[in-house]
Amino acid sequence: MRLLLAMALALVTVDAAAQTPTGDIPIGIEAPTILSPSGTAENLGMRLVIRAVNDAGGIHGRKLVERSYGRTKTGAAGDAEVMANVVRLADEDHVLLLWNHGGTVSTQLAPFAMAHKLPYMFPHTGLLDRDDDRYVFTSFPHYDGETRMMFRYLARDRGMKRIAILYDPNAYGRYFRDRLKALAADNGYEVAGEEAVEQTLPTDLTAQMQRLKDAGPDAIVMALYPPQAKKVMEAKARLDWKNVRMVSTGPLTDEEYLNVPGGYAEGTLGLCYYPDPNQSDAPGVAAYRQLMARYFPDEKLNRYSLYGYAFGQMVAEGLRRAGPNPTRERFIDAMESIRNWDSGGILPPVTFSKANHHAQQAGFVCELQQSHFVPLGGWITP
């Protein structure tokens, strides 16, 4: 991994941060991935912003243009592919910024961005804790905060004393597994069991679910990705197991990825960061719906394209503030000038500074009811 990063650093020869681009403004976006439907939806939200901004005349008369390269592999090989794509975006396309490029590869991309003074904006991950790094801006709560909020809620507010976990054995899944163990004593629960679920998953996860059922947990945390979680719910249905509470982590708090026949996903708890775009009457959500109907009428509305839209709007705000000739440095300075930015109710008010590049600390507990996640209260923080 270190060798991969060193190779990537050596390949970039152009310090585009010192340049003043002319013409279109290139933005590096990760092409649809084979792993994450949520990531694909987030990037759709950013593309929605690009289409709307350009049709309105661009930013200071300049169009935003997407530069992207695809990912065809999973795991470490997929991360290596993403790193090679980013080198290409920086060295050949001279993008002004990277947008999203989330997941476990973010832990390699963040030092790359810092070394090359390349703005790395809002990767969809809670793994990064680099909010004072000049060129990295993060989005939703760190996994440290998410685990503290959720495990505290399960044990103290819902009285769940035996909690198990299904986790992807990558950095994201292992983080949740380790935090479940580390926070047990302070919150008064015990870890009832753990099962790893590889990304190259089998078609049937009944054996793993049966082992957890035999352990008798009150709740099962799913630190997984959508395709894995769908298989978990199908196995739960095969076992006719209804007296256990399923718990979603960030990538899974969208009903589209969990619902299976028979209502076996009903009652799933999660920590939501964005309102339901099909139900919310917030003005920012209404604007998103109108633009989706105009530009992508065949695409489903979900929280992740709403995420992409909200954070894409934030990038557009930074570009406006950076003036007619944005450089990377001017863009960063402009982002750090944002105070109490109003997303129209999609997020709490957002403020950045030189010492704080983290957009969101809060979430709200939600529950799957009649096939939709609904809020159980207001914003909470770690």
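Matching residues to (1) closer than 25 Å to Thr147 by Cβ; (2) crowded, with 16+ Cβ neighbours inside 10 Å; (3) free of Cβ contacts under 8 Å to residues at least 12 places away in the same chain:
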| residue | (1), (2), (3) |
| --- | --- |
| Arg67 | no, yes, no |
| Gly75 | yes, no, no |
| Val82 | no, yes, no |
| Val86 | no, yes, no |
| Val95 | no, yes, no |
| His101 | yes, yes, no |
| Thr107 | yes, yes, no |
| Lys117 | no, yes, no |
| His124 | yes, yes, no |
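Across segment 275-291, which residue is surrounded by the fewest Cβ atoms within 10 Å (Cβ to Cβ) among those that are within 28 Å of Ala237 (Cβ to Cβ) and not charged (D, E, K, R)?
Of segment 275-291, the ones within 28 Å of Ala237 (Cβ to Cβ) are 276-279.
Then keep just the ones that are not charged (D, E, K, R); that gives 277-279.
Numbers: Pro277: 25, Asn278: 14, Gln279: 12.
Result: Gln279.
Can you tell me which residue within segment 156-176, out of those that are assigned to a helix (DSSP H, G or I) and crowded, with 20+ Cβ neighbours inside 10 Å, is modelled with the lowest pLDDT?
Tyr172
Restricting to segment 211-230, give me the number of residues that are surrounded by fewer than 22 Cβ atoms within 10 Å (Cβ to Cβ), assigned to a helix (DSSP H, G or I) and without any contact (Cβ under 8 Å) to a residue 60 or more places away in the chain.
Result for segment 211-230: 5.
Would you mention how many residues in segment 136-158 are among the small types (Gly, Ala, Ser) and free of Cβ contacts under 8 Å to residues at least 40 places away in the same chain?
1
Could you run through segment 281-318 and say how many residues are more than 22 Å from the chain's Cα centre (by Cα) and within 19 Å of Arg339 (Cα to Cα)? Reasoning before the result, please.
Just the residues of segment 281-318 that are more than 22 Å from the chain's Cα centre (by Cα), to begin with: 281, 283, 290, 293-295, 297-298.
Checking which are within 19 Å of Arg339 (Cα to Cα) leaves us with none.
Result for segment 281-318: 0.
Might you check whether a residue that is surrounded by fewer than 21 Cβ atoms within 10 Å (Cβ to Cβ), touching a strand residue (DSSP E or B) at 6+ places or on another chain (Cβ under 9 Å) and either modelled with pLDDT under 95 or closer than 30 Å to Phe176 by Cα (or both) occurs anywhere in segment 302-317?
no
Within segment 68-90, does at least one residue satisfy the condition of being touching a Leu at 6+ places or on another chain (Cβ under 7 Å) and assigned to a strand (DSSP E or B)?
Scanning segment 68-90 turns up no residue that is touching a Leu at 6+ places or on another chain (Cβ under 7 Å) and assigned to a strand (DSSP E or B).
Each row is one residue, and each column tells you yes or no for (1) charged (D, E, K, R); (2) within 20 Å of Gly267 (Cα to Cα); (3) in the same structural domain as Glu255 (by TED's automatic domain parsing); (4) in contact with a helix residue (DSSP H, G or I) (Cβ under 7 Å, 6 or more places away or on another chain).
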residue	(1), (2), (3), (4)
Asn187	no, no, yes, yes
Gly193	no, no, yes, yes
Ala207	no, no, yes, no
Lys230	yes, yes, yes, yes
Val244	no, yes, yes, no
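Yes or no: segment 238-246 includes at least one residue that is in a strand (DSSP E or B) and of a type outside the set (S, T, N, Q). Write out each step before concluding.
Residues of segment 238-246 that are in a strand (DSSP E or B), as a first pass: 245-246.
Now drop any that are not of a type outside the set (S, T, N, Q), which leaves 245-246.
Yes - at least one qualifying residue is present in segment 238-246.
Taking the stated definitions as given, is Leu183 buried (at least 17 other Cβ atoms within 10 Å of the Cβ), under 21 Å from Thr125 (Cβ atoms), assigned by TED's automatic domain parsing to the domain that holds Met233 and not basic (Lys, Arg)?
yes
Can you go through Asn100, Asn85 and tell me which one is under 15 Å from Gly312 (Cβ atoms) and within 20 Å of the chain's Cα centre (by Cα)? Break it down stepwise before answering.
Details: Asn85 fails: under 15 Å from Gly312 (Cβ atoms).
Just one listed residue meets the conditions, Asn100.
Residues that are buried (at least 24 other Cβ atoms within 10 Å of the Cβ) and under 23 Å from Gly216 (Cα atoms): does segment 133-148 have at least one?
Yes: segment 133-148 contains one or more residues that are buried (at least 24 other Cβ atoms within 10 Å of the Cβ) and under 23 Å from Gly216 (Cα atoms).
Yes/no matrix, rows are residues, columns are (1) touching a Pro at 6+ places or on another chain (Cβ under 6 Å); (2) farther than 26 Å from Asn278 by Cβ:
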{"site": "Asp186", "(1), (2)": "no, yes"}
{"site": "Glu190", "(1), (2)": "no, yes"}
{"site": "Ala196", "(1), (2)": "yes, yes"}
{"site": "Gln199", "(1), (2)": "no, yes"}
{"site": "Met209", "(1), (2)": "no, yes"}
{"site": "Ala235", "(1), (2)": "no, yes"}
{"site": "Val247", "(1), (2)": "no, no"}
{"site": "Leu258", "(1), (2)": "no, no"}
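Can you tell me which residue among Asp144, Asp186 is part of a helix (DSSP H, G or I), out of contact with any strand residue (DSSP E or B) (no Cβ under 8 Å at 6 or more places or on another chain), over 26 Å from Leu347 (Cα atoms) and not hydroxyl-bearing (Ser, Thr, Tyr)?
Asp186
The values are calculated or read from the model by the stated rules, or taken from the named source; none is laboratory data. This one's a predicted model, so the numbers in the text were calculated from it and none came from an experiment. Reconstructed Cβ throughout: ideal geometry from the backbone, glycine too, with neighbour counts over all protein chains shown.
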